[in-house]
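As structure tokens, the structure follows; a few thoughts come after it.
Nothing in this text is a laboratory measurement; each read-out follows from the coordinates by a stated rule. All values reported here derive from a predicted model rather than from experimental measurement.
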Amino acid sequence: MSDGYSGQHFFGEIDELNDELDKAVGEMRDAGRKKAQTEHDYRVALAKKMWELRACGTPATGMGDLARGDDVVAMRKLERDAAESEYWASQEAINVMKIRVRTVSEQIGRDWGRPNSSY
């Protein structure tokens, strides 16, 4: 143990990382719900705008582009895309935490003579 860490330190660090991981999973759950809700809101706004354009006699060929260019529809799409980015960032944070737990676990194995073990 040349780095001055005790075994207690490593196990405490794993406990902290596991707590962070639990929190991140909860945040990802919330981000997933937000992602789904914003997808719903975008699709509803788009459908409403397309019906509105169709009722005004707009030809079907350009209706989708016109509807997506509407301020309300475009804002819903922006919100949807932002929520999706949050969701995937949450997933990546969880992956990083898993790597950190694995790294500490491997360090414990090296320092305390256990075979290379991971959580």
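Data for the structure
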item	result
Over 20 Å between alpha carbons, listed pairs Lys77/Lys98; Lys49/Lys77; Lys48/Lys77; Lys34/Lys77	Lys77/Lys98
Solution diffusion estimate, µm²/s, Stokes-Einstein, the chain, Kirkwood Rh from C-alpha pairs, 37 °C, viscosity 0.692 mPa s	184 µm²/s
